[in-house]
1. Out of F51, L140, L74, whose Cα points farthest toward the positive end of the dipole of the range 35-154 (charges: +1 Lys, Arg; -1 Asp, Glu; placed on Cβ)?
2. Just need the relative contact order of the range 103-176 here, percent rounded to a whole number, with Cα pairs under 8 Å and 6+ apart.
3. Normalised by the residues of the chain, what does the relative contact order come to in percent, with Cα pairs under 8 Å and at least six apart?
4. With θ set to phi - 60°, apply the Karplus curve 6.51 cos²θ - 1.76 cosθ + 1.60 along the range 189-196 and write out the HN-Hα couplings as whole Hz, x wherever there is a Gly or Pro.
5. With a sphere of radius 13 Å drawn around the Cβ of A50, what net charge do the other residues whose Cβ falls strictly inside it have (Lys, Arg +1; Asp, Glu -1)?
6. By DSSP, what percent of the beta bridges with both residues in the chain are antiparallel, rounded to the nearest 5?
7. What is the set of long-range amide H partners of H119 at a cut-off below 5 Å, with H atoms built 1.01 Å from backbone N?
8. Where the eigenvalues come from the Cα gyration tensor of the range 56-163, what are the semi-axes √(5λ) of the equivalent ellipsoid, largest first, in whole Å?
Amino acid sequence: MGVAIRTATEADRDLVVRLLDEAFQDDPVSGWVFPGAEYRRATHHRLMAAFTDIVLAEGRIDLTEDASACALWLRTPAGEHDPDDDGPVQLRDAVDPENERVELIGRLTAGIHPGDRAHEYLWMIGVSPDRQGKGLGSALIGAVLDRCDSDGVPAYLEASSARSRKLYERLGFELLGSPLDLPDGPQMFPMWREPSAPSAPRVPR
């Protein structure tokens, strides 16, 4: 049976925030940004809210009809990232001014983001803990990858765990360069997927 997917609206904002908060409580990168279970439970949702607001305004959030999974996408144009962008600072101020890792994670991921070609950027995907492993994530991503193939557009993401990296590899993503080693923390894996087309150019290096 197929998975029904719709585009989230502002009315779904709180639902998406709760879903992402629950889905990433045990994620290695979330654990690094917000060390300590109590602190993470109290603060992590603010970062998910900030991400949700950005993508609602500038991108698209796909949501399963049963509200058990969502994917945040940004269509990213070609062009160099601005090293003086104050977005990470604003994010830290909004989430937790005392936590420098909120700003650092933004700067580090921006530093490895490929900028020479337009692409679809999978910012994050969250599946309710009680529905994980049932193919919802693959269905959400696959719907967009089909459009990428039709339009000849590549896709990019940063996997936050070795487990999620394997999922993305099954969907055609490949490691782009070297993993990102977070200071005293886990690795993140920048991954790129070329559209399935005979004339598709090679992965940027």
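Values quoted throughout were computed directly from the atomic coordinates according to the rules given, and no laboratory measurement underlies them. Computed from a prediction, not measured in an experiment: that's the story for all the values here. We place every Cβ from the backbone using ideal geometry, glycine too, and count neighbours over all the protein chains shown.
1. Sorting the options by dipole projection puts first L140.
2. 36 percent
3. It rounds to 21 percent for the chain.
4. Listing the rounded values in order: 10, x, 9, 10, 10, 6, x, 7 Hz.
5. Charge balance in the 13 Å sphere: -3.
6. So the antiparallel bridges amount to about 90 percent of the total.
7. Long-range HN contacts for H119: T76.
8. 25, 20, 12
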